[in-house]
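Presented below is the structure to which this report refers.
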Amino acid sequence: MTEKISRRQVVAGAAGLALAAPAVHAQQQVTITFRFNDPEAPQMRGALDEFERRNPDIKVTMQRVSWGDAQQQYLREAAVGSAPDVAQLAFVWPRAFGGARSLRPLDDYIQRDGARLGAGGWDGFFARDLAVGADNKVYAIPWTTDTFAMMYNKDLFAQAGITSFPTDWEALRAASQTIQQRTGKPGWAFPAGSCGTPAIWFFMNFYWWSKGPGLIDRGSDGRFLVSMTPQQIQEGFDYYNRYLQEGHNPRASLSICLWGAPEVVEGMLSGNIAMCSNPDTVAIEILDKWAQRNPGRPAPFATAPHPAGPNGSRTFFGGRMLGISPNSRFPEQAWKLIQYLVTPDPTFARFYTNYTPAQQAAITARAWAPEMSGYPAQLRTARSWGPYGTGPVAIPFMWNAVGRAAGSVFIGEKTAAQASQELHDAISRELARNQR
Amino acid sequence: MASHSTASAVPAPAVSGRRKRPPSERGFLFTALAPPFFLLICFYVYPTVFNVENSLTDLSLFGLRDGGEWIGLENYVELMTSPDFRRVVWNTVVWLTVVGVSVRIVLGLALAFLLNSATLKRWRLSTISRILLIVPWATPPVVAIIVWRWLLDPRVGAVNAALISLGIIDQPIAFLATAGWVWPAVITIITWNTLPLVTLTFMASLQSLPHELIEAAEIDGASKWQVMRYVYIPHLKPAIVIMVLMSTFWTFNNFIYIWLTTGAGPGTYTNVMATEIYIKAFIEGRLGYSSAAGVVMATIMTIFGLIYLRVIAERELKEEGEA
């Protein structure tokens, strides 16, 4: 028996299908969140728009948090299941975050897609050890890498009669003082202010590492210990304090906390500061702004590695990683976004151009501008955070403690000897507490 | 008989002296009070108990999912024996609260008298002065802090430029990064932003003072100082007490002015209890320790709260007695 279908039923069916089609489409399209903390938000939005164009079933919402708050914000969100699907992380966070079960292990994805990841597969990624947790699982994918180098104004150096960039710490201080005496401009006007994430933490470590051991290390019995004496710590405090006492770093620098502060960038651009120490992204920013403001005029800047001590010139490999939160409802789509973001073209070629992918092939292939030649030279002697990252004392703890101890010395609240002893004691206590 | 029936119509007072509420009234009271009590339990009692519980553990920001391990009073012992924490308490109590509140009260009184003065009214400046007074109060603290940081900046700040051009100083001063200047600078910012409320409160109290009282005192030969001492100050006393206590609450708990102005620095020079709790919890990751610091802070505030309640109660009793 055949059933007749009325015209009304056909119209109703067609209307139903028409209404259902977008619903089906809407079900297929998912929205994921990406927490991005760097200043280049418009450029990153461009990269995400390109990703959405290539993956019409995935929408990406970009969230912004300042780096100063990013760690605690993410950890709190992850604990209650509301962290973003994909998060930008500092190089030294994944191990601790993995231990806190705040990141999703990525081993299965790497096993499946590792050969196609980035420019040369997973094995070509840089700083993979920092992405691995204490349980040997991979919790993040290295995304960008950078290091600090010295940037200086060649004209001010020439006016002061200095023909080459100093290669040891005392020569650097002497050059800074000479520049101030002969040109009236500050020499190395490093930010000396105190806050949760002060720049002095990096400068202090560069000095200590080039002279001897770092703040903490693993002992022969496997336990971590403070590997510097209070006197060695004090040397660093005294060294930087002399810049302020001798007046070639003005006391106004006590009100600046961050390495890429506008005062530093503008000071370099206006020729009011002879030297600064910055990651390559800030150096590129200074060069770009110079080119915009002085079209056709060659930039008076050059870069060089930091001064060396018995251990050579030592800075650190810094950078960013990407991880997926354990609460992500769309881990496959999140992984797809990470795969896209770590691919040099288009992310780094068209959008995120100030940054270097954390991949060996990309680092060696990167063409540096002549003014930036100090950065590849510094990268050759840079070190990993090592025990700082794998040890039981959180880097933010040491960062804050070193910055505040240095600040107390700089303003004369404490002597360098007193501040060094207190810092040594504070880190020793934290080590003891966390190794119980 | 009639009197007997009347007596039976009125409920006899309970032996204890309390009137027994009918069941319907008790039900209404319970229904009316239940929501606020429920909200108080959810948003005040539970977090307080949870915080006290955390303060007895070694809870870390990196171990939120696992929770902390019970360590008894270890965090409190560390707090009480730490010279750093003693410094933090000193900064909070002396600099932030005692100095900060005193400056506000004294300046608030002076401004209230000035704005209430006949001279200002005679010059027709009274209204414009009051409008101008509102401006700092209407400025959000974040905006006020940014503006003041710019004003006090050693490189481009207007304050340094003015002092140099007047020949008062020859080198710019890093007001927010120099030990001798940072606390006065912070107190200045807080005072600028919060002074209007104190001034307006004192002005309102001054305007409620009957003019006949002042005239009577003057006719009796009282000097200006005696009028101030025996007429104005007694009249203003309740307002002063309330403003001192309220300002103490607002100031002692304050986080934003210190954190955004100095980041608790230079070094730890302006670290106060609220910023210490934030640093320990969210920079160093020691949630257990910072919870203990929070309990200590709450305890100190509870003492202030009890004083405040006692003052209010005494005032109400006095007013009832006078009525």
Per the filter on the range B:55-79, residues of a type in the set (A, V, I, L, M) and either within 25 Å of A:Gly98 (Cα to Cα) or in contact with a Gly (Cβ under 9 Å, 6 or more places away or on another chain) (or both) are B:Leu56, B:Leu59, B:Leu61, B:Leu64, B:Ile71
In the range A:415-436, the residues that are modelled with pLDDT under 95 and either in a loop (DSSP other than H, G, I, E, B) or of a type in the set (Ser, Thr, Tyr) (or both): A:Gln435, A:Arg436
In the range A:309-339, how many residues are modelled with pLDDT of 95 or more, crowded, with 18+ Cβ neighbours inside 10 Å and under 13 Å from A:Arg383 (Cα atoms)? 3
Does B:Arg65 satisfy being more than 21 Å from A:Ala426 (Cα to Cα), touching a helix residue (DSSP H, G or I) at 6+ places or on another chain (Cβ under 9 Å) and without any contact (Cβ under 8 Å) to a residue 40 or more places away in the chain? yes
Give the range B:216-247 a look and list any residue that's in a loop (DSSP other than H, G, I, E, B) and not aliphatic (A, V, I, L, M), or say none. B:Asp220, B:Gly221, B:Ser223
For residues that are in contact with a Ser or Thr (Cβ under 6 Å, 6 or more places away or on another chain) and surrounded by 18 or more Cβ atoms within 10 Å (Cβ to Cβ), scanning just the range B:97-132, find the one that is nearest to B:Asn193 (Cα to Cα). B:Arg104
Single condition A:Val393 does not satisfy, out of (1) assigned by TED's automatic domain parsing to the domain that holds A:Ala90; (2) hydrophobic (A, V, I, L, M, F, W, C); (3) in a loop (DSSP other than H, G, I, E, B): (1)
Single unsatisfied condition, A:Pro262 versus (1) within 14 Å of chain B (Cβ to nearest Cβ); (2) without any contact (Cβ under 8 Å) to a residue 60 or more places away in the chain; (3) more than 22 Å from B:Pro266 (Cα to Cα): (3)
Go through the range B:255-270 and give me each residue that's modelled with pLDDT of 90 or more and within 11 Å of chain A (Cβ to nearest Cβ). B:Trp259, B:Leu260, B:Thr261, B:Thr262, B:Gly263, B:Ala264, B:Pro266, B:Gly267, B:Thr268, B:Tyr269, B:Thr270
Number of the exception - B:Gly221 against (1) within 18 Å of the chain's Cα centre (by Cα); (2) without any contact (Cβ under 8 Å) to a residue 40 or more places away in the chain; (3) more than 14 Å from every other protein chain (Cβ to nearest Cβ): (1)
Of the conditions (1) more than 14 Å from chain A (Cβ to nearest Cβ); (2) without any contact (Cβ under 8 Å) to a residue 40 or more places away in the chain; (3) under 26 Å from the mean Cα position of the chain (by Cα), B:Phe175 clears all except one; give me its number. (1)
Among the residues in the range A:408-427, are any within 20 Å of B:Leu61 (Cα to Cα) and more than 9 Å from every other protein chain (Cβ to nearest Cβ)? yes
When you scan the range B:142-165, do you find a residue that is within 14 Å of another protein chain (Cβ to nearest Cβ), of a type in the set (Phe, Trp, Tyr) and buried (at least 18 other Cβ atoms within 10 Å of the Cβ), even just one? yes
What tally of residues in the range A:78-93 results from selecting those that are within 12 Å of chain B (Cβ to nearest Cβ) and in contact (Cβ under 8 Å) with a residue 60 or more places away in the chain? 4
Could you look through the range A:256-302, keep only residues that are within 19 Å of A:Tyr375 (Cβ to Cβ) and of a type in the set (Asp, Glu), and pick out the one that is surrounded by the most Cβ atoms within 10 Å (Cβ to Cβ)? A:Asp280
Need the failing condition index for A:Ala401 against (1) outside any helix (DSSP H, G or I); (2) of a type outside the set (Ser, Thr, Tyr); (3) within 14 Å of another protein chain (Cβ to nearest Cβ); (4) within 21 Å of A:Gln232 (Cα to Cα), just the number. (1)
First in the range A:196-222 and of a type in the set (Asp, Glu), second anywhere and part of a helix (DSSP H, G or I), Cβ under 6 Å, 6 or more apart: A:Asp217/A:Pro387
Apart from one, (1) away from chain A (no Cβ under 14 Å); (2) surrounded by fewer than 21 Cβ atoms within 10 Å (Cβ to Cβ) all hold for B:Met273; the odd one out is (2)
Could you please let me know if A:Thr144 is touching a helix residue (DSSP H, G or I) at 6+ places or on another chain (Cβ under 9 Å) and either among the aromatic types (Phe, Trp, Tyr) or closer than 27 Å to A:Leu379 by Cβ (or both)? yes
Which of (1) in contact with a helix residue (DSSP H, G or I) (Cβ under 9 Å, 6 or more places away or on another chain); (2) assigned to a helix (DSSP H, G or I); (3) surrounded by fewer than 16 Cβ atoms within 10 Å (Cβ to Cβ) is the odd one out, the single condition B:Ile258 does not satisfy? (3)
Read through the list (1) at pLDDT below 95; (2) under 24 Å from A:Gly247 (Cβ atoms), then give the number of the only condition that B:Glu218 fails. (2)
Return the residue satisfying two criteria in turn: it lies in the range A:226-258 and is more than 26 Å from the chain's Cα centre (by Cα) and not in a helix (DSSP H, G or I), and of such residues it is farthest from the other protein chains (Cβ to nearest Cβ). A:Thr229
Just the residues that are more than 14 Å from chain B (Cβ to nearest Cβ), buried (at least 24 other Cβ atoms within 10 Å of the Cβ) and not aliphatic (A, V, I, L, M), please, taken from the range A:94-125. A:Gly118, A:Phe125
Does the range B:102-112 include one or more residues that are in a helix (DSSP H, G or I), modelled with pLDDT of 90 or more, closer than 30 Å to A:Ala96 by Cα and of a type in the set (Ser, Thr, Tyr)? no
Those residues that are within 17 Å of A:Tyr243 (Cα to Cα), under 27 Å from the mean Cα position of the chain (by Cα) and of a type in the set (S, T, N, Q), I need them from the range A:408-436; list them, please. A:Ser408
Residue count, the range A:80-118 (criterion: modelled with pLDDT of 95 or more, closer than 14 Å to A:Met321 by Cβ, out of contact with any helix residue (DSSP H, G or I) (no Cβ under 6 Å at 6 or more places or on another chain) and not in a loop (DSSP other than H, G, I, E, B)): 2
Hits in the range A:372-390 (condition: over 29 Å from A:Leu254 (Cβ atoms), in contact (Cβ under 8 Å) with a residue 40 or more places away in the chain and assigned to a helix (DSSP H, G or I)): A:Met372, A:Ala377, A:Leu379, A:Thr381, A:Pro387, A:Gly389, A:Thr390
State which residue is surrounded by the most Cβ atoms within 10 Å (Cβ to Cβ) when the search covers only the range A:188-203 and only residues that are outside any loop (DSSP other than H, G, I, E, B) and within 14 Å of chain B (Cβ to nearest Cβ). A:Ile200
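The values are calculated or read from the model by the stated rules, or taken from the named source; none is laboratory data. Bear in mind the structure is a predicted one, so any value in this text is a computation, not a measurement. No Cβ is skipped: glycine too gets one built from the backbone with ideal geometry, and neighbour counts run over all protein chains shown.
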